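Undergrad: Before I ask anything, let me first share the structure, which is written out below as structure tokens.
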Amino acid sequence: MRALLSSLHGQRRHVLGILEGLDAEALRLPVLPSGWNCLGLVQHLALDVERFWFRAVFTGDAAVIAALAGTDDAWQVAPGVSAAEVLDRYRAETGLADAVITASAADAPLAWWPHAQFGEPHLHTLRDVLLHVITETACHAGHLDAARELLDGRRWLVLT
């Protein structure tokens, strides 16, 4: 379990690290035809990944599950929401997720499953959720790498 959590921490650091130094305008600037921006991706990771998988699916937190119905498209950050608020929310959600992970056994079963979204469960334990979130976070960290390079040429890790 420690190795999985360490891997997740590394991916989270990558997400935040690749964005360091970008101003609020650049964080909101779409660089791909689909129109998403870096800030929207981080908000998606906070709400649709960290909060959803650990606090809704794994713990079955009734308040979080109820809030899902009222959540707009997490990829769209409202104009009045600052970049700092989105980044702080991501950090807060990862902290809440870590508390859940460290207090639970890897083979602990999921408390709730979103059948309407995903049909029959394809994840069954905390370990399954951790692996899913590591994969999704790593994938999105790669998206942020590409976006950052398009924005100002910065690259996360360059092997020469």
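Undergrad: From the set of residues in segment 24-83 that are acidic (Asp, Glu) and either within 23 Å of residue 128 (Cβ to Cβ) or in contact with a strand residue (DSSP E or B) (Cβ under 6 Å, 6 or more places away or on another chain) (or both), which is surrounded by the fewest Cβ atoms within 10 Å (Cβ to Cβ)?
TA: Filtering first and then ranking leaves 48.
Undergrad: Hey, any hits in segment 91-101 for a residue that's more than 16 Å from residue 48 (Cβ to Cβ), in contact with a Phe, Trp or Tyr (Cβ under 9 Å, 6 or more places away or on another chain) and open to solvent by less than 30 Å² (accessible area, probe 1.4 Å)?
TA: yes
Undergrad: Please go through segment 52-85 and pick out each residue that is within 16 Å of residue 96 (Cβ to Cβ) and over 16 Å from the mean Cα position of the chain (by Cα).
TA: Within segment 52-85, 59, 60, 61, 62, 63, 65, 67 qualify.
Undergrad: Where in segment 65-160 are there helices (runs of 4 or more DSSP H), lying wholly inside it, with at least 1 residues that are more than 27 Å from residue 23 (Cα to Cα) and in contact with a His (Cβ under 6 Å, 6 or more places away or on another chain)?
TA: Because the criterion is at least 1 residues that are more than 27 Å from residue 23 (Cα to Cα) and in contact with a His (Cβ under 6 Å, 6 or more places away or on another chain), no helices (runs of 4 or more DSSP H) in segment 65-160 meet it.
Undergrad: A follow-up question, please. Where the second residue is open to solvent by 50 Å² or more (accessible area, probe 1.4 Å) and the first is over 19 Å from residue 137 (Cβ atoms) and lies in segment 1-29, which pairs have Cβ atoms under 9 Å and are six or more apart or on separate chains?
TA: The qualifying pairs are 21/152; 21/154; 24/84; 26/152; 28/79.
Undergrad: While we're looking at this one, here's another question. Please count how many residues of segment 1-23 are open to solvent by 60 Å² or more (accessible area, probe 1.4 Å) and in a loop (DSSP other than H, G, I, E, B).
TA: 4
The values are calculated or read from the model by the stated rules, or taken from the named source; none is laboratory data. Just so you know, these numbers come straight off a predicted model, no measurement behind them. Note: ideal-geometry Cβ built from the backbone for every residue, glycine included; neighbour counts use all protein chains shown. Heads up: the accessible areas ignore ligands, DNA and RNA and are worked out on the full protein's heavy atoms, side chains in. Shrake-Rupley method; radii C 1.70, N 1.55, O 1.52, S 1.80 Å.
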